[in-house]
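The values are calculated or read from the model by the stated rules, or taken from the named source; none is laboratory data. If you're wondering where the values come from, they're calculated on a predicted model, not measured in any experiment. Here the Cβ positions follow ideal geometry from the backbone for every residue, glycine too, while neighbour counts run over all protein chains shown.
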């Protein structure tokens, strides 16, 4: 019963096999290997973007911060949601990589930027001319930090506002596959066709060891990106081991299949929770994360049995009357089993079922 | 016949097996897993340094730049050799991570800092008080970029000068195992016992996919290091995959055994080259890299057969009289076979032997 | 009728005379002159702080940004009011000088930080450990950007919260003299006795050409400050011309006398506005700035006669029904005359009095 | 007998008078005043550059660092002389403002960059592609730090090399007036006509309190410069006091007249020193600084009488045999009198003449 985060999961057998295969003989370093070419081609095909440039890094924070540094000068601001990963979970990496840009924090339901609020904030910025920071870029996360999904139309609405102000759009796609699968659209429709300039395409949370792709749909800043990546210490010499994973991930739609499984598990969990007495959902469950509240006694039972998840916000305590609800975040991954979900639901509902622990092979 | 760099080699089976084993079930992220504890313990044991703090990153540039950022404030300078990796091969990563510190470039044979020159340079710095940059840190590379090795006594001589000026010492140990094996000393003797404060302990060039350890012998700046690592995008969520590799690397002295094999291959290559008519060594071969010059016709034969290595400096050409020597860098790795070396030597000497291509298992 | 800002005023004759006197003969550069010593002594005496270190720079932005850079590391955040000068009017200078720290924006009446909100924000920061930015420093502005004044007790309340979290306190005192005079307290009571660690003591808005003092009540970071100042290009070679102005400013309480005059003018203006039909004050007038709203027709009359001031916020327009109120900011300075105030009040009230334009000598 | 530096001199009466005149009434801040327009027009006329953009700052370090930040990205290098002010005397300000660019240090006689060495260094940079820093900009100082002057042809030779590599050229003109007067050319011939893109035009060393102009002959980066200036804390609110000084400086060729006087004094001093027994010139005296060596006993006599100058390098001592020469730097300014020079020469030659101390009015 592990719902702490999708970054606690193992990788699927396809990824291990790809690493084993990539390990034969010598390979030229720094991305001059065949697997890297394969990745580039696969991304261009998957996104219907033959001109796009594609770069791999090992963490989502690196992907986001490097992307934003190419889009936003030091004296400008990045418009993002108040709870965006770039604001809350990267220890100031965007500020570091941009050379001291600001983040302008916006509201909006389910961690989606409210378009009206974005428009007003852009209008407000730089009214004092040289005295305050300038308009830099817009960054949205899809799927969002609250487990919701922007539709392509919603992305396009944000992009239009950005475009009207001459601003580029970055998408933090740490859970991009979950979003695309949820929206039932094509990758291109969710990105460049909806006005996104740069995508951080997550691999890690959805089944790789630590590989993210940065996709520059407009390749004009590609060389700058390469220099910033190297300078940030994010250019791998034995690059084939990143590329091999990403190639396996994209092959035969593995990335989409894994995201589907994670989303399905979350949907099952969400439906189960919603049906429990005293439980409520905090946000709609549109991807692989469930935010819900249920009575304290259910939490106590779950934690006693070793269920792993975070109370949300984290600084709450379990003490207090058993029937008062407490909120929590539960994240499913490609390897979350239905039995695990059902056992967890039974547990917080008062059940005593035993819980399976084996991780199944994916796609079997 | 692949001598381009040690970063073109595959990883040994032990490392693949460690990854496969690490892939079972869920693991807490960001270094809160058992493999990371094992690495910490193993490093402390190998270096006889029970207080040391140990952090993993994926590239040598990240290791060096993060280490220097903790040692040198923005308004100071890092003393290093003119040909140091931190100066020549990191696209300014130390300047980026320190917030704009300088590098003061020093001479010295075989890419080892000349102690007298270091002493004079330190004496010169900050003579103008607030008007110029201040003394920051000393950084040495061992084994050096020229394939030489500082002995523990030579390291201590550098450290004494640094210590007298109140400066910390960083060692870029991208090829640290090769240096230790070459010097026949213990890791502790080459580092903290000789006055080194922070070591970038290389794993990648010596057989991992992309793992380096930063060892802070003085743990007082550990928390700052952790924040800088996260902010630089170098904290891995699925940290177990870094730790598992490093743990395998340190287990049963695998790292030292692999470095021994690489050094032995280089020694064989170096001896063979020295014996060729018209060939000369540029530097003593003390680790796993050979710098030598031999007649152009030998280069032509080698390159025609697909031998991989870099002319050194890189911007020379093969055209010209066949008997004029050209210099080159040849790097051996844990998987360089004697047969490969011999075939290469025969080739540039005019032979026509066929060359084996299979990579052998290590330690067999 | 010039109420645009206190930075549009001339300097008083004492300052010009001090410059003329300072211009005799040679003087050692970079603060090694007698005037600089006099300033140091005068500040220490005025603030009853014999250990304080005192440095001069030419702009308030430099003073604030350098001060914050000494108090807040790159991976931390500065807590300040949502409308603080460091957030709204410095084009990201704090982010630049700190190396990419954040500013956490807080609410509170009259541009004073709400203590409860500060406490909650500090409590919230760094809950995710290494994943988000850390607690850095607290910065308050006194007098505030809304023309209000923190009492020493209110400053102490903020400082206590900061101190409990181990955070230093910076005060942006661009209008510090106006605040001290308004509160009727001693400079020491408003600063270090109330827990302030570093004060940016404004001279420019209150009558100098461009001189601000940074006062480090705790001198332990003095050398770092000097290096950051030099590196920022803010160390003057002909330093005597800064020092002579600041010395004249502090001599015979000139700074306090000038602030008193500005405050008195603002009080007269505020009282007059409050008495006008259809006019309201937006904030209490406690220093030298008045924020008020009055009918559009009054604005039209004023602007037609060339009265200088900013609508607040700036992006409003004069078009529309004449009886609808519009808000504005009116700033008085040491040389605002009662006649000017009265003429302005008469004008917006429908009068047609002619307006004097000559600037009177101060303290006469 | 004050030869320590030209930054120890007072300002001429014209500058004081300009300040007094500028002090009448209110003036719009931040450069929106009439004096700033006058300066812009005067610079454009003096440099025959009607499109140039002109910005004022208060220190040479700010002028240089801001200019270089607009010309050189963080991942590139500035080619400059080993003894350039930007390298030796700015505490890393260029590194700070560029966001961590490098400085590549070159040799050349009299602190002038050797063109061949520049060409080789540019050729060498970026040979390793993404792995090392890229080519950024070229910066030369005129007059140089050794008191020599580049002719327009020499500037053009440097610029041609830069242009061929696509690099912009910056000129540190802290003593630009001295250089122009010495070369007997027009300002345009020494700058944009010789390929200079940005000039830091010094005012401070040549008679202002602290004013430098940055002239962008190509105005395309003007807005970026304005933002960087503000963000660096170098935009003055009471800007008229900078502008008034610079306007007076440029009016009626005052700047050139003052530089002529300083150069003439240095020439007199240089000729006198060259004629002394045991004395030698270290560099040709082409501007207002004299570098010479003479016997220790002469130094002792001079220093006993309170003569002010720096031994060069600074860390030499006076102890030792009296007839052994010691080298020194002697800088003349607009107010150095012939009597002062003669008295100094007599003193080190063994004389005992009394020395005048009064500063004469300029241009009388």
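Considering D:107, D:184, D:129, D:116, which residue is within 14 Å of chain B (Cβ to nearest Cβ), more than 25 Å from residue A:226 (Cα to Cα) and surrounded by fewer than 24 Cβ atoms within 10 Å (Cβ to Cβ)?
D:107
Would a scan of region C:87-94 turn up a residue that is at pLDDT 95 or above, away from chain A (no Cβ under 11 Å) and buried (at least 22 other Cβ atoms within 10 Å of the Cβ)?
Checking region C:87-94: not a single residue is at pLDDT 95 or above, away from chain A (no Cβ under 11 Å) and buried (at least 22 other Cβ atoms within 10 Å of the Cβ).
Of the conditions (1) under 23 Å from residue B:100 (Cβ atoms); (2) touching a strand residue (DSSP E or B) at 6+ places or on another chain (Cβ under 7 Å); (3) part of a loop (DSSP other than H, G, I, E, B); (4) within 14 Å of another protein chain (Cβ to nearest Cβ), residue D:172 fails just one. Which one is it?
Single failed check for residue D:172: (3).
Hey, can you tell me all the residues within region A:230-254 that are at the interface with chain B (Cβ under 9 Å from one of its Cβ atoms) and either assigned to a loop (DSSP other than H, G, I, E, B) or in contact (Cβ under 8 Å) with a residue 40 or more places away in the chain (or both)?
In the first step, residues of region A:230-254 are kept if they are at the interface with chain B (Cβ under 9 Å from one of its Cβ atoms); the result is A:230-242.
Once the filter is applied, which keeps residues that are at the interface with chain B (Cβ under 9 Å from one of its Cβ atoms) and either assigned to a loop (DSSP other than H, G, I, E, B) or in contact (Cβ under 8 Å) with a residue 40 or more places away in the chain (or both), region A:230-254 yields A:232, A:233, A:234, A:235, A:236, A:237, A:238, A:239, A:240, A:241, A:242.
Quick one: how many residues across region B:136-155 are away from chain D (no Cβ under 14 Å), crowded, with 18+ Cβ neighbours inside 10 Å and not in a loop (DSSP other than H, G, I, E, B)?
Final tally of qualifying residues: 8.
Looking only at region C:65-80, which residues are within 8 Å of chain D (Cβ to nearest Cβ) and either touching a strand residue (DSSP E or B) at 6+ places or on another chain (Cβ under 9 Å) or farther than 20 Å from residue C:223 by Cα (or both)?
Once the filter is applied, which keeps residues that are within 8 Å of chain D (Cβ to nearest Cβ) and either touching a strand residue (DSSP E or B) at 6+ places or on another chain (Cβ under 9 Å) or farther than 20 Å from residue C:223 by Cα (or both), region C:65-80 yields only C:66.
Filter region C:35-56 down to the residues that are within 25 Å of residue D:19 (Cβ to Cβ) and touching a residue at least 40 places away in the same chain (Cβ under 8 Å) and list them by number.
C:35, C:36, C:38, C:39, C:42, C:43, C:54, C:55, C:56
As an exercise: evaluate residue C:2 against (1) in contact with a helix residue (DSSP H, G or I) (Cβ under 9 Å, 6 or more places away or on another chain); (2) over 30 Å from residue D:337 (Cα atoms); (3) at pLDDT 95 or above and give the number of the one condition it does not meet.
Unmet condition: (3).
Taking region A:50-64 as the region of interest, how many residues are more than 14 Å from chain B (Cβ to nearest Cβ) and under 21 Å from the mean Cα position of the chain (by Cα)?
Of the residues in region A:50-64, 3 are more than 14 Å from chain B (Cβ to nearest Cβ) and under 21 Å from the mean Cα position of the chain (by Cα).
How many residues are surrounded by 21 or more Cβ atoms within 10 Å (Cβ to Cβ) and either assigned to a strand (DSSP E or B) or facing another protein chain (nearest Cβ under 8 Å) (or both) if we restrict to region D:209-228?
So the count comes out to 9.
May I ask you to say which residue of C:162, C:121 is buried (at least 18 other Cβ atoms within 10 Å of the Cβ) and away from every other protein chain (no Cβ under 14 Å)?
Criteria check complete, one pass: C:162.
Would you confirm, using the coordinates I've provided, whether residue D:60 is closer than 21 Å to residue B:92 by Cα and in contact (Cβ under 8 Å) with a residue 24 or more places away in the chain?
No, not satisfied.
One line per residue, one yes/no per condition, for (1) farther than 17 Å from residue D:194 by Cβ; (2) away from chain B (no Cβ under 14 Å); (3) touching a strand residue (DSSP E or B) at 6+ places or on another chain (Cβ under 9 Å):
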site	(1), (2), (3)
D:97	yes, no, no
D:101	yes, no, yes
D:134	yes, no, yes
D:177	no, yes, yes
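Being in contact with a helix residue (DSSP H, G or I) (Cβ under 9 Å, 6 or more places away or on another chain), surrounded by fewer than 24 Cβ atoms within 10 Å (Cβ to Cβ) and more than 30 Å from residue D:4 (Cα to Cα) narrows it down to one residue among C:279, C:267, C:271, C:287; which is it? Steps first, answer last, please.
Numbers: C:267 fails: in contact with a helix residue (DSSP H, G or I) (Cβ under 9 Å, 6 or more places away or on another chain); C:271 fails: in contact with a helix residue (DSSP H, G or I) (Cβ under 9 Å, 6 or more places away or on another chain); C:287 fails: surrounded by fewer than 24 Cβ atoms within 10 Å (Cβ to Cβ).
After applying the criteria, what remains is C:279.
Could you tell me how many of the residues in region B:15-41 are surrounded by fewer than 18 Cβ atoms within 10 Å (Cβ to Cβ), away from chain A (no Cβ under 13 Å) and in contact with a helix residue (DSSP H, G or I) (Cβ under 7 Å, 6 or more places away or on another chain)?
So the count comes out to 1.
Among the residues of region D:188-208, what is the count of those that are surrounded by fewer than 24 Cβ atoms within 10 Å (Cβ to Cβ) and touching a residue at least 40 places away in the same chain (Cβ under 8 Å)?
5
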